[in-house]
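Trainee: Structure provided below as structure tokens; questions to follow.
The values are calculated or read from the model by the stated rules, or taken from the named source; none is laboratory data. Treat the numbers as computed from the prediction; the structure is a model and nothing was measured. Here the Cβ positions follow ideal geometry from the backbone for every residue, glycine too, while neighbour counts run over all protein chains shown. SASA here: full protein model, heavy atoms, side chains in, ligands and nucleic acids out. Shrake-Rupley method; radii C 1.70, N 1.55, O 1.52, S 1.80 Å.
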Amino acid sequence: MATTRATEKRIRHPNDFDGNRDEALSFMLSCRTYLKLNKDLYATDEDQIIFVLSYMVGGSAGPFREAFETEAYATNPSTNQENGFGTMKDFMKKFKEAFEPLNPIESAITKMKALQQTGTADDYISAFRPLAMRSGVTTLSVLVDYFLSGLSTGLVRDIMRAHTLPSDIDGYYKLAAQLDLLWRKA
């Protein structure tokens, strides 16, 4: 009786990761999503860890991978066995210690403050929204201040002229996108 072998479910593979702290979260999320979708192919912690390590190249990620693999393949003198790759949970902890921003909340707030609209409002909102989520800022007036400070002057003026201002940040996103679209059509 033949056994069926799991087949890869095709989605975009993670991009190579060079150790850039600003890209660590995005990299790991793309790896975890890929692994979740292909859980039958990457069923063990070792499979999953090796998959993630295979995309860690260059920068500070390459030496991290090399050190991690060297330790995994090293022989434990008391057991005469390889140390192994350990658990995904332990790997994730080491990855976060090595690559996540030192202060992820402050990093997100700093990026929010510096973000400027250079294209459409939709492009700006797409960049702003995840930063707002990561920042942990929940006070509407603060979020709106950060949001408006990066929009074009004309768009901010149009938003402030609105008959009724939105009552939540999603309302500001929607209003900015609508007004920007109207301006671009004109």
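Trainee: Could you tell me how many degrees, from 0 to 90 and to the nearest 10, lie between the Cα long axis of helix 104-114 and the main elongation axis, the longest principal axis, of the Cα atoms of the chain?
Mentor: Once rounded, the angle reads 40 degrees.
Trainee: To continue, here is another question. For the pair Glu100 and Ser78, how long in nm is the line joining their label points, each one 7 Å along Cα→Cβ?
Mentor: Reported label-point gap for Glu100 and Ser78 is 3.0 nm.
Trainee: Next question. Can you tell me the 0 to 90 degree angle between the C-alpha axis of helix 121-135 and the longest principal axis of the chain, rounded to 10?
Mentor: Tilt relative to the chain: about 60 degrees.
Trainee: Name the trypsin sites (Lys or Arg not before Pro) in segment 1-58 that are in a loop by DSSP and that have at most 14 other C-beta atoms within 10 Å, would you?
Mentor: Answer in residue order: Arg5, Lys9, Arg10, Arg12, Lys39.
Trainee: FRET efficiency for Lys39 and Asp18, Cβ-Cβ distance as r, R0 = 35 Å, nearest 0.05? Please report the intermediate quantities before stating the final value.
Mentor: On the way: r = 27 Å, r/R0 = 0.77.
After rounding, the FRET efficiency stands at 0.85.
Trainee: Rounded to a whole number, what is D in µm²/s for segment 65-186 from Stokes-Einstein with the Kirkwood radius over alpha-carbon pairs (25 °C, 0.890 mPa s)? Can you show the working numbers first?
Mentor: Details: Rh = 17.6 Å.
Answer, rounded: 139 µm²/s.
Trainee: If you bin every alpha carbon distance in segment 1-153 into 10 Å steps from zero, what whole percent lands in each bin?
Mentor: 10, 29, 28, 20, 9, 3, 1
Trainee: Any idea what the relative contact order of the chain is, in percent, if you count C-alpha pairs under 8 Å spaced at least 6 apart? Could the numbers behind the result be given before it?
Mentor: Numbers: 162 pairs, mean separation 29.6, N = 186.
Reported as a whole number, the value is 16 percent.
Trainee: Heavy-atom accessible area per residue, the chain, 1.4 Å probe: how many Å²? Please report the intermediate quantities before stating the final value.
Mentor: Values: 12060 Å² over 186 residues.
Averaged over the residues of the chain, the accessible area is 65 Å².
Trainee: Return the long-range amide H neighbours of Met56 (sequence gap of 5 or more, or a different chain), with a cut-off of under 5 Å between placed amide H atoms.
Mentor: Long-range HN contacts for Met56: Phe17.
Trainee: Let me ask something else. Please give the contour-minus-distance gain from Ala162 to Thr87: 0.36 nm per residue of separation, less the Cα-Cα distance, rounded to one decimal in nm.
Mentor: 21.6 nm
Trainee: Follow-up. Would you work out the Kirkwood radius for segment 1-74? I mean one over the mean of 1/r across all pairs of different Cα atoms, in Å. Before the final figure, lay out each step's value.
Mentor: On the way: mean 1/r = 0.0748 Å⁻¹.
It works out to 13.4 Å.
Trainee: Ignoring ligands, DNA and RNA, please state the percent of accessible area on the chain from carbon and sulfur, probe 1.4 Å.
Mentor: Numbers: 6330 of 12060 Å².
That share works out to 52 percent.
Trainee: If you fit an axis through the alpha-carbon atoms of helix 140-150 and take the longest principal axis of the Cα set of the chain, what angle between them do you get, 0 to 90°, nearest 10?
Mentor: 90 degrees
Trainee: Helix-only estimate, please: 222 nm mean residue ellipticity of the chain, summing -39500 (n - 2.57) across DSSP H runs of length 4 or more and dividing by its residues, to the nearest 500.
Mentor: On the way: 9 runs with 114 residues, N = 186.
The per-residue figure over the chain is -19500 deg cm²/dmol.
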